[in-house]
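Taking it in order: structure first as structure tokens, then the write-up.
Every number in this text was worked out from the coordinates using simple rules, so none of it is lab data. All of these numbers come straight from a predicted model, not from anything done at the bench. Cβ placement follows ideal geometry from the backbone for every residue including glycine, while neighbour counts extend to all protein chains displayed.
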Amino acid sequence: MRSAILASLACASLLIGGVWIGQNVNLLPTDASINAPVYDELFKVLFTIGTILFVGMAGLVVYSLIQFRRKPGELGDGLPIEGNLSLEIFWTAVPAIVVLFVGIYSYDIYDRMGGMQPLHHEMHRHETSNVQERIWGGIGSGTVERTEEIQTDTLPIEVIAQQFAFLFHYPKGDILSGELHVPTNQPVSMRMESKDVIHAFWVPEFRLKQDVIPGQPTILNFTPTKPGRYPIICAELCGPYHGGMRSSVVVESAEDYQDWFKKNSKDTILDS
Ligand SMILES: [Cu+2]
């Protein structure tokens with residue numbers, strides 16, 4: 001009776017402690033995009049589960065090492081235990097439920113982050129009816145009329161990756177920049193393509209990473225929320241200077257962004 005109460009108390013404190021640690025874990029950088037809090041939600045849940053499992057199992061091992069150690073003068077064999085059906089059902093059901101939950105929940109988060117939208121394969125072009133199709137449908141293959149027809153406040157940017165730099169092209173003002181500038185709270189749609197090998201565009205503060213592939217453009221959509229300067233890191237080993245393939249994304253207010261845009265826009269230079 002006493003040990004049952006103690007075991008329940010240990011389980012309860014393990015669950016409460018695990019949830020507390022999981023919810024207060026502070027290992028990630030600032031969240032600077034709309035989908036970052038969604039990602040962090042998953043991270044916290046996974047951290048909670050991981051903490052409970054790790055502390056629970058390690059605790060049980062340490063407890064058993066002390067509690068069930070051989071006493072002095074004890075020379076006989078241990079108890080001949082053969083199977084325990086209820087225990088086996090328990091340790092099969094618990095991991096099965098945990099794995100199923102993590103799988104379904106991760107899928108849901110990935111979907112909410114827009115991960116289930118297809119990459120920009122040519123064969124998917126006619127099947128998609130999402131933002132990508134509307135923004136990029138007219139560029140490259142479509143007609144000019146079609147691009148102008150579509151009114152959207154999404155900012156289209158073309159990303160060119162090559163050993164060992166990222167280049168950002170703004171079709172609107174024909175700006176070519178080594179640094180990415182984006183205004184806060186405006187959806188950005190990037191069409192990315194590599195000139196040589198596979199690279200990956202990664203901004204930890206946006207909680208986003210997407211491969212940049214030669215000959216097969218990929219799309220990355222995001223909405224920045226917090227002004228600041230964040231690192232862009234190539235996250236795919238792409239050659240000897242892969243480690244130096246870095247740039248910055250400058251998230252700024254709409255006014256600051258407009259200033260930057262006007263200063264760099266070729267259209268503006270031609271106008272003046
Ligand atoms: Cu690279």
Filtering the stretch 32-83 for residues that are of a type in the set (Phe, Trp, Tyr) and more than 30 Å from residue 185 (Cα to Cα) leaves a count of 3
Scanning the stretch 175-234 residue by residue, those among the basic types (Lys, Arg) and over 15 Å from residue 248 (Cβ atoms) turn out to be 191, 195, 207, 209
Step by step: first the residues of the stretch 163-176, then only those that are touching a helix residue (DSSP H, G or I) at 6+ places or on another chain (Cβ under 7 Å) and farther than 21 Å from residue 236 by Cα, then the one that is surrounded by the fewest Cβ atoms within 10 Å (Cβ to Cβ). Which residue is that? 174
Residue count, the stretch 35-61 (criterion: of a type outside the set (S, T, N, Q) and farther than 22 Å from residue 10 by Cβ): 11
In the stretch 189-199, the residues that are surrounded by 21 or more Cβ atoms within 10 Å (Cβ to Cβ) and within 16 Å of the ligand (Cβ to nearest atom): 190, 192, 194, 199
What is the residue count in the stretch 211-261 for residues that are crowded, with 18+ Cβ neighbours inside 10 Å, within 16 Å of the ligand (Cβ to nearest atom) and hydroxyl-bearing (Ser, Thr, Tyr)? 2
